[in-house]
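Before any comments, here is the structure.
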Amino acid sequence: MGLKEIGFDGKNFAVMAGPCAIESKEQLLETAKAVKNAGAKVLRSSAYKPRTTPNAFQGLGEKGMRILGEVKEETGMIVETEVLDPRHIESIGKIVDIFRVGARNMQNFELLKELAKQEKPVILKNGLSATLGEFLGAGEYLSQHGNESIMMCYRGIRTFETATRFALDIGMVQAIKEKTVYPVIVDSSHSAGKASLVPSISKAALAAGADGLMVEVHPNPEKALSDSKQQLTFLEFESLMHEMKAIASSVGRKI
Ligand code: PEP
Ligand code: MN
């Protein structure tokens, strides 16, 4: 599957939505159906979680991947997931359409080189405090080692501000676009850290010229095993999609 089939043709605004972590078959299936109905193109979800402490929920691992395979089959959605370890690439690759490299692994060069050998697109997220140059350099590890199907996902960086989880400078959308030929996606959930801030960042990303959006959606955010504060409910996601569709037509995009 190439970037065009995923929906990156310069016109579409590709929305990737789903839970932070895969928690159960019911949770993932229910969420996949809800986000698909609302117009999301790609199901986002993680089976392997890079958590700050080893005491936090680490994801369902292989069991999560089996669930993702079943949900993909039942919904027909394009699916992606985070890969933390080169040793997982083969098994994850049997299920997903797109690999995701998380912020904490942006400069895991061996992981990038292994992913470059795969014939699948890669979502590359910027590191927690990466400069544009470092983000672009990480992208070059993929392209120079043979994988040109890259989506640059901007998810903000750490600053001294605590009102948002990570500061997302909307000017970075155009700054990245001026330096690469790859689609630029914004992850509004991980930058916001708080559900009430997610819609405005998402709409700003669309208006600023991003090619896509990544957003976390959960059937019951309060009960989520990770990132409970920032995940949208189905209703909140539907209403965001509704608002984004109106903006999309005025900036020459389709959702
Ligand atoms: C994620 O998207 O699941 C995630 C952990 O985000 P980030 O790598 O941007 O922190
Ligand atoms: Mn998350």
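The values are calculated or read from the model by the stated rules, or taken from the named source; none is laboratory data. Computed from a predicted model, the values in this text were never measured in an experiment. Every residue, glycine as well, gets a Cβ built from its backbone with ideal geometry; the counts of neighbours run over all protein chains shown. Note: areas computed on protein heavy atoms with side chains; ligands, DNA, RNA excluded. Shrake-Rupley method; radii C 1.70, N 1.55, O 1.52, S 1.80 Å.
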Check on Leu240, more than 16 Å from ligand 2 (Cβ to nearest atom) and touching a residue at least 40 places away in the same chain (Cβ under 8 Å): yes
All positions within region 13-29 that are in a loop (DSSP other than H, G, I, E, B), open to solvent by 10 Å² or more (accessible area, probe 1.4 Å) and away from ligand 2 (no atom under 16 Å from the Cβ): Ser24
Residue list for region 206-237, filter: open to solvent by less than 40 Å² (accessible area, probe 1.4 Å) and more than 16 Å from ligand 2 (Cβ to nearest atom): Leu206, Ala208, Gly209, Ala210, Asp211, Gly212
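Looking at region 238-255 only, could you name the residues that are open to solvent by 70 Å² or more (accessible area, probe 1.4 Å) and either under 14 Å from Lys36 (Cα atoms) or under 17 Å from the mean Cα position of the chain (by Cα) (or both)? First the steps, then the outcome.
First, pick out the residues of region 238-255 that are open to solvent by 70 Å² or more (accessible area, probe 1.4 Å): 238, 242-243, 245, 249-250, 254.
Glu238, His242, listed by residue number.
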Selection count, region 30-63, where residues are within 15 Å of ligand 1 (Cβ to nearest atom) and either more than 16 Å from the chain's Cα centre (by Cα) or farther than 15 Å from Leu232 by Cα (or both): 15
Scope region 192-227; condition of a type outside the set (A, V, I, L, M), more than 22 Å from Gly7 (Cβ to Cβ) and either within 13 Å of ligand 1 (Cβ to nearest atom) or assigned to a loop (DSSP other than H, G, I, E, B) (or both); matching residues: Gly193, Lys194, His218, Pro219, Asn220, Ser226, Asp227
Output for region 30-75, where each listed residue is of a type in the set (Asp, Glu) and either more than 20 Å from Val215 (Cβ to Cβ) or open to solvent by less than 70 Å² (accessible area, probe 1.4 Å) (or both): Glu62, Glu70, Glu73, Glu74
